[in-house]
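Working notes, structure below.
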Amino acid sequence: MLTLCVRNVLFRSFPSQSSSDAVQLTVRPCSSSRAQEEDLHQTRTLLRLCVDRYFLSPGEANMELFRRGMSCRYGPLGTELRRNLLEQWWHSVSRTTAQVFGINTLSSSSGDTATGAPRKLNIVENEHIKQILEEKEVSKDLLIQKIQVLLQRSPTGRTSCLQGALEQFVPSLELVNRKLPFGLAETGLCFQPSGGSGCPGEVTRASLVWFCSARASSQWLDHWTRQRLKWWRKFALSPSDFSSSDVPEEELEKAASRGVRIIYSFPWGRRRWRRCGTEETLSCCGHTEEIAPMCSFVFQCRDGRKSVPHVISVTANVDRGALAFLSNSLQTLKKEDSRQRLQQRKVLKLHPVLAPVKVALDIGRGASVELRQVCEGLLKEFMEAKISTWPGYLETSAGQLNTKYDEMGVLFTVVVNENTLESGLLQVRSRDTTVRETMHISEIKKFLSRYITAADNV
C-alpha cells in the first residue's frame, strides 16, 4: 500500500519510503576511491545476502525501505529474526523489573485523542480529497473549510506508543496500589514522520513508558540507559559498535529535560555522523501534566505533600535493530583451498538466541529411505523442544549446503549417514568454527538446548 501525504495528512493508497531519522547509507564522496568502493561493496553484499537467504523479499524499493530502518516485506528468515528480537526486547524490560506490564493500544484512533495531544498524522482516503478538489466553482476559503472538516473527522495514526501508555496510566494505578515506580510496555507499528519529504512510512516500535517520582527521574534514566546498552551489546558480535550519546538540547522533544540515544556504528560511510543509526532513544519527558494534562494524576504522599508522576520514555526501532544485528554479524573470511585458490566464505554469526534457524538436518551416504525416517524423527523432537530446524534432507540438490547454511546463520548442521543406522552416531558441524564432531543421536537435542540456553544466560 502506498501513502500520499500533504503536510501532516496521510492518504492511504500507495507505500512510503522516507524517514526523518533513517539510517543514512548513502556513501559520501571521500578522498580514496578504494574506500568508497569498499563501502558500496559492503552495502551490496549485505543486502544481496538478505534477499538470497530469505531475510528480505526481493525488489529495490523493498531493500531501500529496509536499509533506511523502515518496516518492509520480510522473508521467512527475516520475519523470524524480527520476532526473536521483539521477544528478547520484551523479556528484557518485563523480566528484569517486576512492575512492568504489557498493554495493547490502537495504532489509529478516531476523533480527538483522549490525552488532548495535538494531532500529528491524519489518515484520509485519497478519493475524498480528490472529490473536494474536483468540485467546480468553489472558493478557496470554502475549499480549505471542507478539507479541515474532513481532517477533523478522520482517524489519527500514531507516531509513537507514548500517548497510548499515557491513556492507560490512570486505569493502571489500581493495579500497582497507586505506588510508583511502574512501567507500561507495548510493541507495534507506528508511522514515522516524513522529515519534510511529505511521505511518512511505517516502523515497528518497542516502547517502555516508565512512571516515577520527579526526584528519582534522572537516576531512573541512567538506570535504563545502562540496562538498554548492555542488552544491545549482549547480542552483538562486536559489542563496541553499540554506544550511547546524549541528545543535543536543541533536538529534545518538548518538555523533555534529558535524552540519550543508543546508536550503532554501521560500516558504510566514512563520517561517523553519517554512519550511525539510532537503535533506541531514552528521554526524561517531564511530568504528566506537561505531556498530557488530561492523563495527569496527583499523588498524596505520606508527609502530606503532593507529587506529580514523571515519565521516562524508552523507544526502540525494531526494524533498524534487525538491520544492525545483520550488519554486525556478517563476516567475510578469505582462505586458500587445496589448489591454492583464494576462496571467500560469507557467514552470518548471529547470536544463538536471535538466529532464525538453529540447526539444519541433512543426510549423507547410505540408504536414503531409512535416513530420511531418522531425520523426520529428529525434526519432530527438535520442534517439540522449540528448536527451529531447517529440513535440508528434503533439498533436491545438495550443492554447497554448508555455504548456504553459513549465510543463513544456521548454528549447527547435523548429518545423518549410514553410521547413524549402525551405531547411532552422527556428525555435527559448527557454523562458527566449521569443526565437525561426532555425537550420539540420543545426545543431540540436549546439546542444542544447553547451547542456546547458555548463550542466552551470558
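Using C-alpha pairs below 8 Å separated by at least 6 residues, the relative contact order for the stretch 357-457 is 30 percent.
Once the Cα-Cα distance is subtracted from the 0.36 nm per residue extended length, the D456 to K230 segment shows a gain of 80.0 nm. With a simple spin-label model that places each label point 7 Å from the Cα along the Cα-to-Cβ direction, the separation between V170 and M383 comes to 5.0 nm.
Cross-link reach is defined here as a Cα-Cα straight distance under 30 Å, omitting same-chain residues fewer than 8 places apart; for K349 the lysines meeting it are K230, K234, K334, K335, K358, K380, K386, K404, K445, K446. Surface composition of the stretch 357-457: carbon plus sulfur atoms contribute 49% of the solvent-accessible area (1.4 Å probe, protein chains only, all chains present).
In sequence order, the stretch 317-328 has phi-based couplings of 9, 5, 5, 5, x, 4, 4, 5, 6, 5, 5, 5 Hz under the Karplus curve 6.51 cos²θ - 1.76 cosθ + 1.60, θ = phi - 60°, and Gly or Pro positions carry x.
Share of Cα-Cα pairs in the stretch 357-457 beyond 15 Å, in percent? The answer is 59 percent, as a whole percent. Taking θ as phi - 60° and the Karplus parameters 6.51, -1.76 and 1.60, the scalar couplings of the stretch 141-154 work out to 5, 5, 4, 4, 5, 5, 5, 4, 5, 4, 5, 5, 8, 7 Hz in sequence order, x denoting glycine and proline. For the stretch 40-86, the Kirkwood hydrodynamic radius from C-alpha pairs, put into Stokes-Einstein at 37 °C and a viscosity of 0.692 mPa s, yields a diffusion coefficient of 309 µm² per second. The simple Förster model, with R0 at 51 Å and r as the Cβ-Cβ distance, assigns S257 and T332 a FRET efficiency of 0.70.
The modelled label-to-label distance for the pair S57/L237, using points 7 Å beyond Cα in the direction of Cβ, is 2.8 nm.
The values are calculated or read from the model by the stated rules, or taken from the named source; none is laboratory data. The structure displayed is predicted, hence computed values, not measured ones. Neighbour counts are summed over all protein chains in view; Cβ atoms, including those assigned to glycine, are modelled from backbone coordinates with ideal geometry. The protein model used for the area step is the full one, side chains on, heavy atoms only, and it has no ligands, DNA or RNA in it. Shrake-Rupley method; radii C 1.70, N 1.55, O 1.52, S 1.80 Å.
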